[in-house]
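Encoded as structure tokens, the structure appears first; notes follow it.
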Amino acid sequence: MTTYFRVFQGTAFTARSPKEIDMLKDYLFCVNAEGVIAKTIAPDAPDYEAIRQQYADEGRYQLLEQGQYLLPGFVDLHVHAPQWAQSGTALDVPLYDWLHAHTFPLESKFADLDFAAEVYDDLVATLLANGTTTALYFATIHKQSSLLLAEICAKKGQRGLVGKVVMDDPAQNPEYYRDADTSSALADTEAFIVAVKELAKNVKQGVYPVVTPRFIPSCTDEALTGLGALAAKYDTHIQSHCSESDWEHGYVLDRLGKRDALALHDFGLLGDKSVMAHCNLLDEDDAALFAATGTAIGHCPISNVYFSNSVLPLARWLEKGVEIGLGSDISGGYSPSLYDNARQAVISSRMLEEGVDPALPADARGVPSSRIAIDEAFYLATAGGGEALSLPIGRLAEGYAWDAQIVDIALSGAKLPVFGADVPPQEIFQKIMYLARPENIREVWVQGERVHQRA
Ligand code: GUN
Ligand code: FE
């Protein structure tokens, strides 16, 4: 008989596709020593009772309590780790001013490893406590403190994908916060990739280096070309920002005479392991290019309210087959919670569909068929994020990592409004997605290891 590392019994919600959420009632989840779900067993399967009994006897069995549910851990596709220190502030100025007046001065402080350790420790712990088991991070331009972020993820058990940020253009970046020159930006990136790959050899849940041009406005053509080549040489993930705002989108058109998406493609930066944040101003051709190359959109609905001048036509791009997941964009978005971002994704999509200017007639106010449901937002936060990163995460299914959150809806002091015994599971799922707070997240697991528990 196969030996599992641990067996969990409970009711889980997991996304098959954007519109299909499976409820696995009272299943067994058999997790192997590598932290992968080796087998899921339905209550009517012949071996269900024997397995349950065997692992209970051996003390390697966990039965969820009444009121507890399993969800996959969330995948945050866009976090600026240093900006955690300014979350919730400076949200009243446009992107360019925000970068130069607030963000670059803050990020420059991460040359100080003690300061970096304090912020990064707190951020990774906070994200885990909010159910985020995988995060795709921008660090700063500093090689050492970027590596420190990867080490903190490794130590705390989060699956971290981390980029040393490249900003080498002296005409666009302040002297106090930019790479010394193009060749050192590329050399530091290469050394960072090698160091993270070395670190990863001893990290169960994985830690990954990410090629990270901040965005085209920060980088010279030479750096962008060099980064594309490094990503190909080491087969890394790639992240950047694309067509976020009118200013940024216009800047790229002016400088390069082509749209942001095509420019990134021509620098060798689009591909199956690429995630581009925001992408609000993509057109049909850009979206087709994303779909053809397997490039994913990191949709950051809270941040978009402040900085992107528009609402992403999410339903349209999902329909077209573009990979999309959710990002908090700390600190363009103030919240470290993908629950909050999933809620905002739904709200913004409704506002896009209905329109917002009451002076316009109803039939001219919005963009028809733009709404998404909370089910689709859940898909984005879980399976969609896993597909964006081309990793076996984001689903509670065989072959996927045991990355899970145990959510308690009956917790005293943080009870969700579920009354009576016959509330349909679909309603419980919706209530979790709309109403759960960090207190309700009792345990978080990554790759078969418990990484967070509330007393
Ligand atoms: N574009 C370039 N840098 C940033 C950043 O830090 N946040 C956001 N939202 N957009 C950016
Ligand atoms: Fe960002």
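The values are calculated or read from the model by the stated rules, or taken from the named source; none is laboratory data. The structure displayed is predicted, hence computed values, not measured ones. Here the Cβ is made from the backbone with ideal geometry for all residues, glycine too, and neighbour counts use every protein chain on show. Remember, those area values only see protein heavy atoms, side chains included, never the ligands or the DNA or RNA. Shrake-Rupley method; radii C 1.70, N 1.55, O 1.52, S 1.80 Å.
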TODO: State whether one or more residues within segment 236-257 are open to solvent by 10 Å² or more (accessible area, probe 1.4 Å), in a helix (DSSP H, G or I), among the small types (Gly, Ala, Ser) and farther than 26 Å from Cys300 by Cα.
DONE: no
Here the qualifying pairs (Cβ atoms under 7 Å; residues six or more apart or on different chains; first in segment 89-117 and within 14 Å of ligand 2 (Cβ to nearest atom); second among the hydroxyl-bearing types (Ser, Thr, Tyr) and modelled with pLDDT of 95 or more) come out as Leu91/Tyr306; Leu91/Tyr334; Leu95/Ser245; Phe104/Tyr177; Glu107/Thr140; Glu107/Tyr177
Q: For segment 348-360, indicate whether the set of residues that are surrounded by fewer than 24 Cβ atoms within 10 Å (Cβ to Cβ), outside any loop (DSSP other than H, G, I, E, B) and within 16 Å of ligand 1 (Cβ to nearest atom) is non-empty.
A: yes
Exercise for the section: Could you please let me know if Lys273 is surrounded by fewer than 16 Cβ atoms within 10 Å (Cβ to Cβ), more than 16 Å from ligand 1 (Cβ to nearest atom) and either among the acidic types (Asp, Glu) or in contact (Cβ under 8 Å) with a residue 12 or more places away in the chain (or both)? Expected result: no
Hey, Gly333 small (Gly, Ala, Ser), outside any loop (DSSP other than H, G, I, E, B) and within 16 Å of ligand 2 (Cβ to nearest atom) or not = no
Scanning segment 385-428 for residues that are open to solvent by 10 Å² or more (accessible area, probe 1.4 Å) and β-branched (Val, Ile, Thr), the one nearest to Leu63 (Cα to Cα) turns out to be Ile409
Picked from segment 109-150 (must be over 13 Å from Ala81 (Cα atoms) and assigned to a loop (DSSP other than H, G, I, E, B)), the residue most open to solvent (accessible area, probe 1.4 Å) is Asp112
On the basis of being open to solvent by 10 Å² or more (accessible area, probe 1.4 Å) and touching a Ser or Thr at 6+ places or on another chain (Cβ under 7 Å), does Ser87 make the cut?
yes
If you go through Tyr177, Tyr234, the only one that is more than 22 Å from Ser390 (Cα to Cα), hydroxyl-bearing (Ser, Thr, Tyr) and at pLDDT 95 or above is Tyr177
Among residues of segment 158-172 being open to solvent by less than 10 Å² (accessible area, probe 1.4 Å) and outside any strand (DSSP E or B), the residue farthest from Ala111 (Cα to Cα) is Gln158
